[in-house]
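Values quoted throughout were computed directly from the atomic coordinates according to the rules given, and no laboratory measurement underlies them. Predicted, not measured: the structure shown is a model, and the values here were computed from it. Cβ coordinates were reconstructed from backbone atoms using ideal geometry, including for glycine residues, and neighbour counts include every protein chain displayed.
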Amino acid sequence: MIRGVLELLHADNHNNLFSDRTRERLSKLLSPRYVVDKAAQIVYERSHPDYPWFTRDAIERFEAWLQPSYRGLEWGSGRSTPWIARRCASLVTVEHQRLWYDRVSSQLAAAGLRNVDYRLIEESAYAKVADEFPDGHFDFVIVDGLFRDETLLRSIPKLRAGGWLVFDNANWYLRHQSRTPHSLPPAGEPKSPGFAKVEHALADWSATWTTNGVNETLLLEKTPNHAVA
């Protein structure tokens with residue numbers, strides 16, 4: 001029963017609540033503040049059914065920055081795909097799940113959106129899509145799919161200087177002080193060796209963490225000089 005409640009509340013997305021920082025995470029999940037935050041998130045998402053599942057602040061900032069001439073790369077499709085496609089010149093979207101691919105394909109067709117290069121890719125070839133494009137090709141990159149450490153590292157060279165990287169649920173993967181229940185603490189270990197490289201590569205980027213108390217979306221602006229090691 002407890003497991004079912006947690007799944008309903010999306011409170012244990014990685015199925016490790018009872019093995020990783022259980023007391024800390026449960027105390028946040030059961031706090032009055034989290035209940036209010038979760039209720040506000042549900043209300044916002046239901047009242048904006050066509051908006052991405054980013055934080056409200058991230059959506060507003062990204063929409064204000066986005067230009068009709070921009071081209072982007074999106075790892076993982078969903079409500080964000082048609083929303084972004086309506087606001088940019090072209091979008092390459094990579095998806096590995098047939099269910100989501102069929103659903104979003106129907107939405108794009110119904111909306112008459114033909115500026116999306118939408119790809120159903122097997123997991124073994126997923127991150128390699130970035131290698132097809134020249135360095136500096138994209139104005140923005142959205143990271144919300146598989147292999148987020150690898151896709152981030154492969155995407156960095158493909159993003160122009162001054163371009164934006166939008167990393168949803170970044171608090172699950174990058175160390176950051178946050179009130180959200182599943183954030184990696186600043187003193188913790190990197191999520192993976194790949195994410196240790198990501199943290200180093202993004203260290204000199206302009207970063208804006210946005211939160212709704214449940215999830216966090218990280219907005220990063222690429223600086224002219226960056227490192228990947």
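Structural remarks
- In order along the stretch 104-118, phi translates into HN-Hα couplings of 6, 4, 5, 5, 5, 5, 5, 8, x, 8, 10, 9, 10, 8, 9 Hz, rounded to whole numbers, per the Karplus curve 6.51 cos²θ - 1.76 cosθ + 1.60 with θ = phi - 60° and x for Gly and Pro.
- Amide H within-cut-off set for Gly163, under 5 Å, with H built and near neighbours excluded: Lys222
- Residues of the stretch 86-103 with an amide N closer than 13 Å to a point placed 7 Å from the Cα of Asp50 along the Cα-to-Cβ direction: 86-87.
- Report note on the peptides 102-109, 139-146, 80-87: ranked by the mean count of other C-beta atoms within 10 Å, highest first, their order is 139-146, 80-87, 102-109.
- Reachable lysines from Lys158, criterion Cα separation under 29 angstrom, eight or more residues apart if same chain: Lys128, Lys191, Lys197, Lys222
- Database remark: amide H of Leu73 closer than 5 angstrom to the amide H of Val92, Phe140, Val141, Ile142 (H placed geometrically; neighbours at sequence offset of 5 or more, or on other chains; Pro and chain starts carry no H).
- Put a dot 7 Å past the Cα of Gln67, heading toward its Cβ, do the same for Ala203, and the two dots end up 3.2 nm apart.
- Given their separation in residues at 0.36 nm each and the Cα-Cα distance between them, Ser124 and Ala40 gain 26.4 nm when the chain is fully extended.
- In the stretch 119-222, the convex hull through the Cα atoms has an average projected area of 6.8 nm², a quarter of its surface area.
- Whole-Hz ³J(HN,Hα) from phi, Karplus 6.51 cos²θ - 1.76 cosθ + 1.60, for the stretch 171-180, glycine and proline x: 5, 6, 10, 10, 5, 6, 6, 8, 8, 5
- Between the amide H of Tyr118 and those of Thr93, distances stay under 5 Å, these residues lying 5 or more places away or on another chain, with hydrogens modeled in the peptide plane.
- Over the stretch 51-221, Cα pairs under 8 Å with separation of 6+ residues give a relative contact order of 21 percent.
- For the stretch 40-50, 3J(HN,Hα) per residue [Karplus equation, 6.51 cos²θ - 1.76 cosθ + 1.60, θ = phi - 60°, Hz, x = Gly/Pro]: 5, 4, 4, 4, 5, 5, 6, 7, 10, x, 9
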